[in-house]
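Engineer: Below you will find the structure I want to go over with you.
Bear in mind that the values in this text are calculations on the coordinates, not laboratory data. Remember, predicted model here, so these are calculated numbers, not experimental data. We place every Cβ from the backbone using ideal geometry, glycine too, and count neighbours over all the protein chains shown.
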Amino acid sequence: MDICKQDAERLDAACTRLGIAVTTRWYEGENHAFTLLRWRDRYEFLKRVVSVEPPLTR
């Protein structure tokens with residue numbers, strides 16, 4: 001159970017209404033914010049939004 005899911009859904013909706021780029025994903029069986037450890041996904045988002053390249057690429 002993700003105790004923050006409803007808050008995250010509201011934040012996603014508010015950002016979308018304000019025209020702020022947001023990507024929200026839910027992964028069955030995972031705890032809230034486990035994806036913060038998946039830095040490559042974050043760089044993919046940043047590359048789309050602000051043209052940032054990761055410091056290390058393989």
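Engineer: What is the extension gain from Glu28 to Gln6, computed as 0.36 nm multiplied by their sequence separation minus the C-alpha to C-alpha distance, in nm to one decimal?
Structural biologist: Values: separation 22, 0.36 × 22 = 7.92 nm, distance 1.50 nm.
My answer for the length gained is 6.4 nm.
Engineer: For Ile20 paired with Val50, estimate the spin-label separation in nm (one decimal), with each label point 7 Å from Cα along the Cα-to-Cβ line.
Structural biologist: 1.3 nm
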